[in-house]
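Engineer: I have a structure here, written as structure tokens, and I will follow up with some questions on it.
The values are calculated or read from the model by the stated rules, or taken from the named source; none is laboratory data. All values derive from a computational prediction rather than experimental measurement. Cβ sites come from the backbone with ideal geometry, for glycine too, and all protein chains shown count toward neighbours.
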Amino acid sequence: MYLDKAKIRQSFAAASLTYDGVAALQRTVGKALLDSSDTENLTGTLLDLGCGTGFLTSQLSVPTRPMIALDIALPMLQLTRTKLADKVNIDYICADAEQLPLVENSVDGVFSNLALQWCVNLEAVFSDIKRVMKPGAQLVFSTFGPQTLQELKAAWTEVDAYNHVNDFYNEQQLTHFLQRAGYTEIKIENKVYISNYASVWALMKELKHIGAHNVIAGRNKNITTKTQMQRMITAYERHRNNDLIPATFEVIMVKAS
């Protein structure tokens, strides 16, 4: 899987002002991620990796706990800083999760909600996270699995052979990357969410507004024609149920140390 990092940065920067209005799934998953962790007893510095507009940062933040909010898109980070202006315990860093500008053994825990799927080399990412974590610290994250947007992917296959939907790693691949990066205690949970939309256009609009539209390098650079788009929509319409269009989101939640 090869992702265009410049497009990722641009997509999420452009989505900063519309993200909160449509990111219900991200908040739902973020809450589930926090509920699965003993956040009350956490001490020391926590890193929110790929903080977006700060939902997880705000939930994790307590006055006595130092926090680092890190994101690749500066407008996202600036929005988080504005929203959490009353919290003086948070440091903000605009950086790539694949090149962490942090010293070794500097954080006591790392949280990441639906962000690591935009990384190119996950094994290297997990190794670098391991580098910055103190001994015994835990990495807790959620990411999309391969069933995500399967209806959209299937609909596009009836139009052409190009990749229109991003691919995501499965549980076995994630476990492999984590083990190679030196993690020995790994717990993985899987959950499938179904979101419903009035139309395929409504789904496409939401994906754009959260910055999650296609960012694969090497995809078809030709403009999609109206005829191609209509063929995809017609194929997707076969999934319509009770006047709504379903979209599958497979979420994989991981704890590793």
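Engineer: Considering only residues of the stretch 39-60 that are more than 20 Å from ILE252 (Cβ to Cβ) and assigned to a loop (DSSP other than H, G, I, E, B), which is modelled with the highest pLDDT?
Structural biologist: THR45
Engineer: Give the residues of the stretch 86-115 that are of a type in the set (A, V, I, L, M, F, W, C), farther than 20 Å from LYS134 by Cβ and touching a Gly at 6+ places or on another chain (Cβ under 9 Å), sorted by residue number.
Structural biologist: The answer is LEU114, ALA115.
Engineer: Just to be sure I understand the filter: pairs with C-beta atoms under 7 Å, separated by 6 or more residues or on different chains, first member in the stretch 138-150 and within 16 Å of TRP118 (Cβ to Cβ), second member surrounded by 21 or more Cβ atoms within 10 Å (Cβ to Cβ) and of a type in the set (Gly, Ala, Ser). Which pairs pass?
Structural biologist: Between residues of the stretch 138-150 that are within 16 Å of TRP118 (Cβ to Cβ) and residues that are surrounded by 21 or more Cβ atoms within 10 Å (Cβ to Cβ) and of a type in the set (Gly, Ala, Ser), the close pairs are PHE141/SER112; LEU149/ALA247.
Engineer: Among the residues in the stretch 165-184, are any closer than 26 Å to GLY30 by Cβ, exposed (fewer than 14 other Cβ atoms within 10 Å of the Cβ), touching a strand residue (DSSP E or B) at 6+ places or on another chain (Cβ under 8 Å) and among the aliphatic types (A, V, I, L, M)?
Structural biologist: Scanning the stretch 165-184 turns up no residue that is closer than 26 Å to GLY30 by Cβ, exposed (fewer than 14 other Cβ atoms within 10 Å of the Cβ), touching a strand residue (DSSP E or B) at 6+ places or on another chain (Cβ under 8 Å) and among the aliphatic types (A, V, I, L, M).
Engineer: Filter the stretch 141-161 down to residues that are surrounded by 16 or more Cβ atoms within 10 Å (Cβ to Cβ) and not in a helix (DSSP H, G or I), then give me how many there are.
Structural biologist: 9
Engineer: I would also like to ask the following. Looking at (1) at pLDDT 95 or above; (2) touching a Phe, Trp or Tyr at 6+ places or on another chain (Cβ under 9 Å); (3) assigned to a helix (DSSP H, G or I), which is the only condition MET253 fails?
Structural biologist: (3)
Engineer: Same structure, new question: Which members of the stretch 98-116 meet the condition of being surrounded by fewer than 22 Cβ atoms within 10 Å (Cβ to Cβ) and either charged (D, E, K, R) or closer than 25 Å to ASN166 by Cβ (or both)?
Structural biologist: Residues satisfying the conditions are GLU98, GLN99, LEU100, GLU104, ASP108.
Engineer: In the stretch 127-159, what count of residues is obtained for those that are farther than 24 Å from THR224 by Cβ and in contact with a His (Cβ under 9 Å, 6 or more places away or on another chain)?
Structural biologist: Of the residues in that region, 0 qualify.
Residue-by-condition table, conditions (1) hydrophobic (A, V, I, L, M, F, W, C); (2) under 24 Å from ASN190 (Cα atoms):
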| residue | (1), (2) |
| --- | --- |
| LEU60 | yes, yes |
| VAL88 | yes, no |
| LEU102 | yes, no |
| ASN121 | no, yes |
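Engineer: Among the residues of the stretch 92-140, count how many are assigned to a strand (DSSP E or B), among the aliphatic types (A, V, I, L, M) and more than 25 Å from PHE249 (Cα to Cα).
Structural biologist: 4
Engineer: What tally of residues in the stretch 25-59 results from selecting those that are of a type in the set (Ser, Thr, Tyr), crowded, with 22+ Cβ neighbours inside 10 Å and either free of Cβ contacts under 8 Å to residues at least 24 places away in the same chain or within 20 Å of ASP108 (Cα to Cα) (or both)?
Structural biologist: 1
Engineer: Kindly indicate which of LEU74, LEU114, LEU102, LEU122 is within 12 Å of ASP48 (Cα to Cα) and of a type in the set (A, V, I, L, M).
Structural biologist: LEU114
Engineer: Select from the stretch 71-85 the residues that are buried (at least 20 other Cβ atoms within 10 Å of the Cβ) and of a type in the set (Val, Ile, Thr) and write down the one among them that is farthest from LYS134 (Cα to Cα).
Structural biologist: Checked the stretch 71-85; the qualifying residue farthest from LYS134 (Cα to Cα) is THR80.
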